[in-house]
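Take a look at the structure below.
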Amino acid sequence: MARHYMTRDDEAVLRRSDGGHAHPYVPELGDQVTRGALDRRTFLQEVTRLGVGAAAAYAFLGRMTGTAQAPAARAATDAQTGGEMRWSMPVREITDPATFFTERQANVTRHVVENLTRTDADNVTHPHLAESWEASEDLKTWTFRLRKGVTWSNGDAFTADDVVFNIRRWLDPRTGSSNRTLFYSMLETVDTGKTDKQGRPIVERHAPEGAVEKIDDHTVRLHLQKPDVAIPENFFNYPTAILHRRFDEEGGDLAANPVGTGPFELVGHRVGESARLEKRNGPYWRRKPYLDAIQYIDHGDDTMAAIAALASGQVDALSNLSPRQLPMVRKRPGLVIHDVMAASTGVARMRVDRKPFDDRRVRQAIAACMDHRRILEVAHGGYGQIGENHHVCPVHPEYYPLPERRPDYDWAKRLLADAGYPDGLTIELAVGNTTGPWETALAQEMREQLRPAGITLRLNTMPSSRYWDIWKTVPFGFTTWLHRPLGTMVLNLAYRGGGAWNETRYSNAAFEAVLDEANRRLDPAERRKKMEEVERILQDDAVIVQPLWRRVFSASAKAVENFQRHPSNYHIVHDIHFA
């Protein structure tokens, strides 16, 4: 392809058309893609994050090549309306979306309460309740313009007051929301003047007055303490649904008072049994979905019962399908398998404040025994990619590939001896099979791989509901993590000291400082350089064994049209209809 140089006309295509201003770095990203220094997918992810609409971004690519265009809309103008979409999926409690710990909760509520943004299956972020946004040059000020004409199901107008209420609520430690860690960049750090038992300063983190500002009824501005490139993606994380501004005043229970801006209303919900949603009768701000109703049916941890229900027509789709179940589903006529490579994974994580995992040598010895390629094949049928023990995936734009590690039992034994375990040790791993039987298969393979080093691994398997009750407290547990579009997002959630989802209790100031540097980098290549440091620190500290990244699967009946497997397992039903 001939080299295409950035022109003023090219820049004009990338300018905002809503009265806002494109981030000043956007032309540089455009120039990189014209020079072949940036691939198209990463370009789309980067410029849409900085406020350029997807249509404008695709138009620029089309101008450059004469071929690239936005994907065709999935909706069909002659689609059949009506019908009820029935899913097999565990039905959890849905009291407060801000404290959700699994996407299964949000899959019920996302049809009722909506997000400011929407990240699609290609990791491109689009406006939703927010019509547009822009970031300051230093990424410390983000302005969101909200969509006008949006109405809550109780008749109230959706305004900036709703958004301000939610963000302040997330940042309040009394809420107990993981969003407080996700939006860590809005918190200021205050030294209390006290020290812990190890003599380290004790600090507190607070959201300063004015961290979120209402500009007018349809404009909200965030004032960050640190630059953060991931703000638009953060707003599509599953605990960030926007609730009505009087949510707490009216009981703080969405199941009991399901007021939302979404196209469906919740008409029934029984934990462990089922949930039912029906299309809302009142106005909705965009074209209404084709479906009349959605129902979730809980088949528990019995995956065979879920497959049988799909095969017999009792449900129309499975939320999750294990790789070991693929041959069984392929043999069934009338069923379709959907899959996508995702940054979904499972980590055997060690609490660094519990013996023997408080000794890095023990953690390193465990990691040194692992053959990730074999684990991927045995546990997940080879569907996916090997992990590198740092929780950044090859699908992430900032991923930096590190050399593959192979088992080294001699090193593992030396590490154990130095740590005071010359004769080996016995440890226990809690496993909940929260996304399927592949988790137990992985743990069993880990057990075999640890034996040559003198490490005896006992497995404590339990129902998924039981695991989520204790996942942050067990010394050694296998926890599944969903896909996030940016590698920095999970690192912020799971490995920052004091984070709501920091199940390892890991705290490393050097790690967090380099992660902050990665979060502030606009150039993807520069961000990758910083992520190399981030990945190496986390890998060397060995707080997790992360053998694989998952290709994830779902299944549906052939009659279901426009079904798309989202990498985060989010159920997006707007364009689904029946043939």
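In the range 376-388, what residues are surrounded by fewer than 24 Cβ atoms within 10 Å (Cβ to Cβ) and farther than 24 Å from Ala121 by Cβ?
Glu377, Val378
Say whether the condition of being surrounded by fewer than 24 Cβ atoms within 10 Å (Cβ to Cβ) and touching a Ser or Thr at 6+ places or on another chain (Cβ under 8 Å) is met by at least one residue in the range 531-546.
There is no residue in the range 531-546 that is surrounded by fewer than 24 Cβ atoms within 10 Å (Cβ to Cβ) and touching a Ser or Thr at 6+ places or on another chain (Cβ under 8 Å).
Going through the range 315-361 one residue at a time, which ones are among the β-branched types (Val, Ile, Thr) and surrounded by fewer than 17 Cβ atoms within 10 Å (Cβ to Cβ)?
Val336, Ile337
Could you count how many residues in the range 456-475 are part of a helix (DSSP H, G or I) and surrounded by fewer than 18 Cβ atoms within 10 Å (Cβ to Cβ)?
5
Going by what's in this entry, would Asp10 be described as surrounded by fewer than 20 Cβ atoms within 10 Å (Cβ to Cβ), at pLDDT below 65 and either over 26 Å from the mean Cα position of the chain (by Cα) or part of a helix (DSSP H, G or I) (or both)?
So Asp10 fits the description; yes.
Quick check on the range 212-230: of everything there that is buried (at least 20 other Cβ atoms within 10 Å of the Cβ) and of a type in the set (A, V, I, L, M, F, W, C), which residue is nearest to Lys140 (Cα to Cα)?
Leu224
Identify all residues within the range 519-537 that are within 17 Å of Gln45 (Cβ to Cβ), of a type in the set (A, V, I, L, M) and either outside the structural domain of Leu402 (by TED's automatic domain parsing) or assigned to a helix (DSSP H, G or I) (or both); write none if there are none.
Of everything in the range 519-537, those that are within 17 Å of Gln45 (Cβ to Cβ), of a type in the set (A, V, I, L, M) and either outside the structural domain of Leu402 (by TED's automatic domain parsing) or assigned to a helix (DSSP H, G or I) (or both) turn out to be Ala525, Met531.
Which one of Ala555, Ala525, Ala542 is over 27 Å from Ile375 (Cα atoms), among the small types (Gly, Ala, Ser) and more than 20 Å from the chain's Cα centre (by Cα)? Show your work before the answer.
Numbers: Ala555 fails: over 27 Å from Ile375 (Cα atoms); Ala542 fails: over 27 Å from Ile375 (Cα atoms).
Ala525 is the lone residue from the list that is over 27 Å from Ile375 (Cα atoms), among the small types (Gly, Ala, Ser) and more than 20 Å from the chain's Cα centre (by Cα).
Check off (1) part of a loop (DSSP other than H, G, I, E, B); (2) over 29 Å from Leu429 (Cβ atoms) for Gly499 and give me the number that stays unchecked.
Every condition holds for Gly499 apart from (2).
Which residues, taken from the range 501-516, are under 16 Å from Leu182 (Cα atoms), without any contact (Cβ under 8 Å) to a residue 60 or more places away in the chain and in contact with a helix residue (DSSP H, G or I) (Cβ under 8 Å, 6 or more places away or on another chain)?
Listed by number, the list holds a single entry, Leu515.
Take the conditions crowded, with 23+ Cβ neighbours inside 10 Å, among the small types (Gly, Ala, Ser) and either under 24 Å from His483 (Cα atoms) or not assigned by TED's automatic domain parsing to the domain that holds Ala518 (or both) and apply them to Ser88. Does it pass? Show your work before the answer.
On the way: crowded, with 23+ Cβ neighbours inside 10 Å: yes; among the small types (Gly, Ala, Ser): yes; either under 24 Å from His483 (Cα atoms) or not assigned by TED's automatic domain parsing to the domain that holds Ala518 (or both): yes.
The answer is yes for Ser88.
Of everything in the range 402-419 that's in a loop (DSSP other than H, G, I, E, B) and out of contact with any Asp or Glu (no Cβ under 8 Å at 6 or more places or on another chain), which residue is modelled with the lowest pLDDT?
Looking at residues that are in a loop (DSSP other than H, G, I, E, B) and out of contact with any Asp or Glu (no Cβ under 8 Å at 6 or more places or on another chain), I get Pro403.
Kindly indicate the residue of the range 221-268 that is in a loop (DSSP other than H, G, I, E, B) and of a type in the set (S, T, N, Q) and also farthest from Ala106 (Cα to Cα) among those meeting that condition.
In this case the residue turns out to be Gln225.
Inside the range 472-489, can you point out the residues that are free of Cβ contacts under 8 Å to residues at least 60 places away in the same chain and within 20 Å of the chain's Cα centre (by Cα)?
Once the filter is applied, which keeps residues that are free of Cβ contacts under 8 Å to residues at least 60 places away in the same chain and within 20 Å of the chain's Cα centre (by Cα), the range 472-489 yields only Lys472.
Is the range 542-552 home to any residue that is farther than 30 Å from Ile294 by Cα, in contact with a Phe, Trp or Tyr (Cβ under 7 Å, 6 or more places away or on another chain) and modelled with pLDDT under 95?
Among the residues of the range 542-552, not one is farther than 30 Å from Ile294 by Cα, in contact with a Phe, Trp or Tyr (Cβ under 7 Å, 6 or more places away or on another chain) and modelled with pLDDT under 95, which makes the answer no.
The values are calculated or read from the model by the stated rules, or taken from the named source; none is laboratory data. Model, not experiment: these values are computed from the prediction. Here the Cβ is made from the backbone with ideal geometry for all residues, glycine too, and neighbour counts use every protein chain on show.
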